[in-house]
1. Tally time: how many residues in segment 597-617 are at pLDDT 85 or above and not hydrophobic (A, V, I, L, M, F, W, C)?
2. Count, please, the residues in segment 110-135 that happen to be buried (at least 21 other Cβ atoms within 10 Å of the Cβ) and over 20 Å from residue 182 (Cα atoms).
3. Any idea which of 97, 163 is within 49 Å of the chain's Cα centre (by Cα), among the β-branched types (Val, Ile, Thr), closer than 21 Å to residue 56 by Cα and modelled with pLDDT of 90 or more?
4. Counting only residues that are in contact with a Pro (Cβ under 9 Å, 6 or more places away or on another chain) and assigned to a loop (DSSP other than H, G, I, E, B), which one in segment 128-157 is farthest from residue 102 (Cα to Cα)?
5. Going through 552, 515 one at a time, which residue ends up being touching a residue at least 40 places away in the same chain (Cβ under 8 Å), among the basic types (Lys, Arg) and over 18 Å from residue 464 (Cβ atoms)?
6. Looking only at segment 471-501, count every residue that is surrounded by 20 or more Cβ atoms within 10 Å (Cβ to Cβ), part of a loop (DSSP other than H, G, I, E, B) and either among the basic types (Lys, Arg) or at pLDDT 90 or above (or both) and tell me the total.
7. Quick test for you: out of 85, 91, 113, pick the one residue that is within 60 Å of the chain's Cα centre (by Cα), under 14 Å from residue 252 (Cβ atoms) and hydrophobic (A, V, I, L, M, F, W, C).
Amino acid sequence: MKGSKGSQFVYVALLAAVFLVALTASWTIGAQLDNNAYDFMFRRFQPPPWQPGSAILAIDEPTLQRFGGMRNIRKPLAEGLRLVALGHPRAVAVDVILADPAGGAIDASMREALRATPNLVLASELIDNGRQWEDPLPDFRAAAAAVGHVHADPDLDWVTRAISLEKRTAGDRRWAISLEAFRLSRGLPIVESPRDVQVGATVIPAPRTADGRLMRIRYIPPSQSQIPRVSLKRLLEEPALQTKFAGKVVFAGVTAQTEGDRLATPYSLGQPMVGVDINANAFETLASGQFITDVSLVWVVLFCLAVAAAAGTVFALWTGWLSYVLGALVLLAAHVTPYLFFTHQRVFSFVTPVSTAWLETIAAASWQLLVVRRSLRRSEAERSRYQQAMQFVTHEMRTPLSAIQGSSELISRYPLSEEKRKQVALLINSESKRLARMIEVFLNVEKLSAGHMELKREAIAVKDLVEICILRAGPLADRKHIAIKHQPIGGELCVTGDRELMEYACYNLLTNAVKYSPQRTEVTVSGWRENGHIRIAVEDQGIGMDQKEVKKIFQKFYRTRKAEESGETGTGIGLSIVQQIVEQHGGRIDVVSRPGEGSRFTLVLPAAAHAGTPTAAERV
């Protein structure tokens, strides 16, 4: 982006500020949007299918109805576990808390069934706000190979996307029931490090954090083979169903809706999943090795920096449709990248790069639009100044050019005496010098408009300034029989500024007064000091203006209706140039006018420093 170093610095600072805003917003309010994007990608991307290695012994609605609810479920569950054991499973995880005694015979039956179950894992859970473990009865626990926790750890929106592989309280740790079942089914120990957990050749990327070792669950897609499920009621009625558990890791738990153990998953879409299903899917994640891991925050920030740099570079180097096409590609990259990572089982924040891309693109495009509009305004201003220049040449330089042309024609066509020829030559010389001064004034005014000129700072005697302008305006006044009167002006009245420009301003007011005054009237010029300012007033007895016209006369190319009807030539740029000259000298123009009664233009300029202390009002 072309521009000054200051402009480029502001542009970079703007992009940096927007980058920080995008990161802060995405980290503070973007968590839920990231979760929603995760669920969307989870449903869209289908991993390679695998054969489930688990099965579910379901305590479903028909089972509860058959045996009179959960309070009577322990005896049929014991019978079901005996049948499961006969099916030769690799491991059995009971997702039912067996913490309360049910009676001597029933508990004895359950104890015998648990002892006969291979690689048994019993469930425990934290109670009392996470301060205490609720464990199985001691006899039951003694029969089990392990005890695992069954906490599902849903997010704030109650969607279970991950489980904690470990839970601790009072120094007592429990591994997740799914991990214990996986470990027992492989007959291998759990080896842990700060970054992962390992069971044999399976390395589980679950670094230790304040929330435990979180592992994202790779739920089996609905379109693939689901985890086999056998109702406890049907198993008891058809013992041959025990063959469905052969070589499987069996999860026994409640699936009945009336028990309320149901949580949402990325696949739910209004249909929640029971806890035993979640634990079985966690086991399938371990068994299949379909681990979903999070990309480091450092890489996310670096990618966002690249996105911000790309958006800024696009709108800095290109304009028009090409910049917007490239900007759209930057946005597309920010949207697609998280999904591409997800197809490789990596979770890349969606909100952070997308918010960065959108905010940076909008900021960069807005900046480009601002710069383009500023450049357009500058171009239009230069074009306007060029047009004014042409008008100025036509308006101001016509008189001296006509005099030079007429005088040269007179010398060439007619025989003149030596004295007359000398007079004409002097007139040509005088008008050519006048034309040169006009050109210099014009160039200086153009430089002032563009801000490329520093004003000369010289002391200008107001008396000399006024007398020179009156002398130059004299021939025009004589042709209309208009008397130019001026009150005596003291030599001590001085202003500081550019003499040529100030002469142009004063001369323009005088010629306007003469041009728009009837014949045989008077134009009065006066100067005085008041409240630290020098005032130079030009007053005529001309056509005058109403207050609406007074407010517009300093607009470029504006001419009053009466001025146009007067037949006097003009372009309406003279007063705008005068106003600019005066304002560049730290002054102003006051106008008092009434239709048919004439006008009074007063230049109000700061008095020169050496002019002495002014009185409140001193007419000279």
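The values are calculated or read from the model by the stated rules, or taken from the named source; none is laboratory data. Keep in mind that what you see is a predicted model, and the values were worked out from it rather than measured. With ideal geometry, Cβ positions are generated from the backbone for all residues, glycine too; neighbour counts draw on all protein chains shown.
1. Total meeting the criteria: 6.
2. Residues flagged as buried (at least 21 other Cβ atoms within 10 Å of the Cβ) and over 20 Å from residue 182 (Cα atoms) within segment 110-135 amount to 2.
3. Just a single option satisfies the conditions, and that option is 163.
4. Top of the filtered list is 145.
5. Answer to the check: 515.
6. Residues flagged as surrounded by 20 or more Cβ atoms within 10 Å (Cβ to Cβ), part of a loop (DSSP other than H, G, I, E, B) and either among the basic types (Lys, Arg) or at pLDDT 90 or above (or both) within segment 471-501 amount to 1.
7. 91
Table: residues versus (1) assigned to a loop (DSSP other than H, G, I, E, B); (2) within 59 Å of the chain's Cα centre (by Cα).
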site	(1), (2)
503	no, yes
510	no, yes
518	yes, no
525	no, no
534	no, yes
538	no, yes
543	yes, yes
